[in-house]
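**Student:** My questions all concern the structure below.
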Amino acid sequence: MKNISNLFVQKVHAQTMPAPDFSVYESSEFEPIRKMGNITLGIVLGIALIWGAYRIIASGMLLQSAGDDLGKRALAKESLKNAIVGLAISLAAISVVGILAKVLGVVGLSN
């Protein structure tokens, strides 16, 4: 009976995981990648801010020109809400990336 129970139950021994080595991020060879990450994040944030501002302005103009047309007014309000939510999501995403980089110790993204 003992042999049958050993067939179905395997013992797992816990092993300690080695600590991650982030020294490559601090090396001078990684500097171009850090700079590219900074530039990419800046470009993405800039495009998101410009597009969000454009959509907010366009939605505001559509709302003003809607007049008494309830369909256009509802469309403008929905568009304005979507623009604000999209802008908030993009800003939150950039913030989360920055916070994760800081917490994980990936130096250079915040330099």
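Any read-out appearing in this document is the output of simple, stated calculations on the displayed coordinates, not a laboratory observation. Remember, it's a predicted structure, so these values are computed and weren't measured experimentally. Methodologically, a virtual Cβ is constructed for each residue, glycine included, from the backbone with ideal geometry; neighbour enumeration extends over all protein chains shown.
**Student:** Per residue of region 37-50, what does 6.51 cos²θ - 1.76 cosθ + 1.60 with θ = phi - 60° give for ³J(HN,Hα)? Whole Hz please, x for Gly and Pro, Karplus curve as stated.
**Tutor:** Residue by residue, region 37-50 yields x, 4, 5, 4, 5, x, 5, 4, 5, x, 5, 5, 5, 5 Hz.
**Student:** So what J values fall out for region 66-71 if you push phi through Karplus, 6.51 cos²θ - 1.76 cosθ + 1.60 with θ = phi - 60°, rounded to Hz, Gly and Pro as x?
**Tutor:** So the Karplus estimates, Gly and Pro as x, are 5, x, 8, 6, 5, x Hz.
**Student:** For region 38-111, what is one quarter of the convex hull surface built on the Cα atoms, given in nm²?
**Tutor:** 5.0
**Student:** While we're here: Full-extension gain between I84 and L100, please, as 0.36 nm times their residue separation minus the C-alpha to C-alpha distance.
**Tutor:** Contour length minus Cα-Cα distance gives 3.3 nm.
**Student:** Please check which bits of region 59-74 a label hung off A93 would reach, taking the label as a point 7 Å along Cα-to-C-beta and the cut-off as backbone N under 13 Å.
**Tutor:** Of the residues in region 59-74, none has backbone N under 13 Å from the label point off A93.
**Student:** I'd like to know how region 16-70 sits against the 2.2 N^0.38 Å rule of thumb: what's its Cα Rg over that expected value?
**Tutor:** Values: Rg = 22.3 Å, N = 55, 2.2 N^0.38 = 10.1 Å.
Normalised Cα radius of gyration, region 16-70: 2.21.
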